[in-house]
1. Does I284 satisfy the condition of being more than 16 Å from the ligand (Cβ to nearest atom), at pLDDT below 95 and of a type in the set (A, V, I, L, M, F, W, C)?
2. Just one of R378, R352 is over 23 Å from A255 (Cα atoms), surrounded by 17 or more Cβ atoms within 10 Å (Cβ to Cβ) and near the ligand (Cβ under 10 Å from one of its atoms); which is it?
3. Cβ contacts < 7 Å: first residue touching a residue at least 60 places away in the same chain (Cβ under 8 Å), restricted to region 335-352; second residue polar (S, T, N, Q) and more than 10 Å from the ligand (Cβ to nearest atom), any location; separation 6+ or different chain. Result?
4. If S317 passes every condition in (1) more than 9 Å from the ligand (Cβ to nearest atom); (2) surrounded by fewer than 18 Cβ atoms within 10 Å (Cβ to Cβ) but one, which one does it miss?
5. I'd like the full set of residues that are more than 10 Å from the ligand (Cβ to nearest atom) and without any contact (Cβ under 8 Å) to a residue 24 or more places away in the chain, limited to region 381-390.
6. Among the residues of region 302-309, are any in a helix (DSSP H, G or I), in contact with a strand residue (DSSP E or B) (Cβ under 6 Å, 6 or more places away or on another chain) and buried (at least 22 other Cβ atoms within 10 Å of the Cβ)?
7. For region 283-319, what are the residues that are over 26 Å from D194 (Cα atoms) and of a type in the set (D, E, K, R)?
8. When only residues in region 357-371 that are free of Cβ contacts under 8 Å to residues at least 40 places away in the same chain and in a helix (DSSP H, G or I) count, which is farthest from the ligand (Cβ to nearest atom)?
Amino acid sequence: MSRKTKDTDLTRREFVTTVGLAGLAVAGGGVTKALAATEQPPAAAVKAQTVSKRKLGKTGVEVSSLCLGGMFDTINNQLLLKQARKWGVTYWDTAESYGNGLSEEGMGRFFARNPDARKEIFLVTKLQTKGGNFTERLDKSLKRLQTDHVDLFFIHSLTAIDELTPAIKDWAAEMKKAGKIKFFGFSTHTNMEDCLLGAAKRDWIDAVMTTYNFQVMNTPKMKEAVNACEKAGVGLVAMKSQAGRPGKHEVGGPAKLELIERFVKRGFTDKQAKIKLIWENPQITSICVQMPNLTILSANVAAALDQTKLAREEVESLRRYALECQGDYCAGCGNICQAAVGGAVPVNEVMRCLMYHHYYGEPELARLTFAGLPEEVRQRLATVDYSRAERTCPRGLAIAQFMRQAAEMLA
Ligand code: SF4
């Protein structure tokens, strides 16, 4: 069959090939169920299969509950951007630092070729505080994105709320007034709970993207921080949803096996179950996931479309798995280990590089992120005494071993 559906421009074969790859793992899920119900799905049925939206805090804007993380080659993946839009993944996240501007450039190319797309996409970009000259850099980002504004602007990778200086507050207000940004916030994967609590006390923060996954979402402090943000109307977006670890090997104990067996029976992969667990919390508006190819995009879209709730036993098995592998997961509480080494090494930033290398399978990204650390930090990495940091680390990580590994592999 080669007839293209009106709404997707995909043949049924193409649709099944992309969505069905994941759909096979989502028995009873929305997309595959809909396709199985009709030999030749009517365009309207396909059109209805778009990812749902949720309100982003006090901004009042509804954004897709699945966000396209843009840390990949968007220039050569225009089809993926097109498909994301068609499946309703209309919240796109990029940053100046992703591919040194190339991610923004690819999205900009898409907007230039599809002029009607820009108003559908909730577009986010980010700048790190290091490098200064925000206005000039934002202007360059907008130029690469071929747009005159972003819907949400994030300060990239905040590690402490004090990094949001009064000057940044004034700058955000100025950019909003100039129409270059609609909303303002930050992303954080270090000391997230403190950053979130700080955001809740600042009425000029509209939204925060934070590390949030089955490993960290149930701690009392994270629950307190999320509740505070919800109360203050700060929109929350989850990232690092798979709880990737800096270690080389996937933890494969009895809890992991039980988890896989349980989810396979229900038709999910464990990866899909991990993001479904986050969606079950209505306080989280969206989940930002790196989706560099159609297989991953379609797996996540299938998980988002699937209406099956996780059963209590499934949530419990994820908790057991979290406990089993917590000794291999760096929880981002960087102020603890960094203080223990007298500020000599941002341990959890190095852990993040190892996570990109081992868990994401992205050696280039790992090396690039590592190269972004100050040279003196990289030089001293293997020589610092980490014994106190290891004693204070709540996850009991073998920090010295990881730091030596990073020095050898990523330099
Ligand atoms: S190494 Fe330990 S103390 Fe440091 S951020 Fe990771 S979990 Fe927290």
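1. Against the criterion (more than 16 Å from the ligand (Cβ to nearest atom), at pLDDT below 95 and of a type in the set (A, V, I, L, M, F, W, C)), I284 does not qualify.
2. R352
3. Taking only residues 6 or more apart or on different chains, the pairs are R352/T369.
4. Single failed check for S317: (2).
5. Passing the criteria: T383, S387.
6. Taking every residue of region 302-309 in turn, at least one turns out to be in a helix (DSSP H, G or I), in contact with a strand residue (DSSP E or B) (Cβ under 6 Å, 6 or more places away or on another chain) and buried (at least 22 other Cβ atoms within 10 Å of the Cβ).
7. The answer is D306, K309, R312, E313, E314, E316.
8. The residue in question is E364.
The values are calculated or read from the model by the stated rules, or taken from the named source; none is laboratory data. Quick caveat: nothing in here was measured; it's all calculated off a predicted structure. Because the Cβ atoms are built from the backbone with ideal geometry, glycine has one as well, and the counts that use them run over all protein chains shown.
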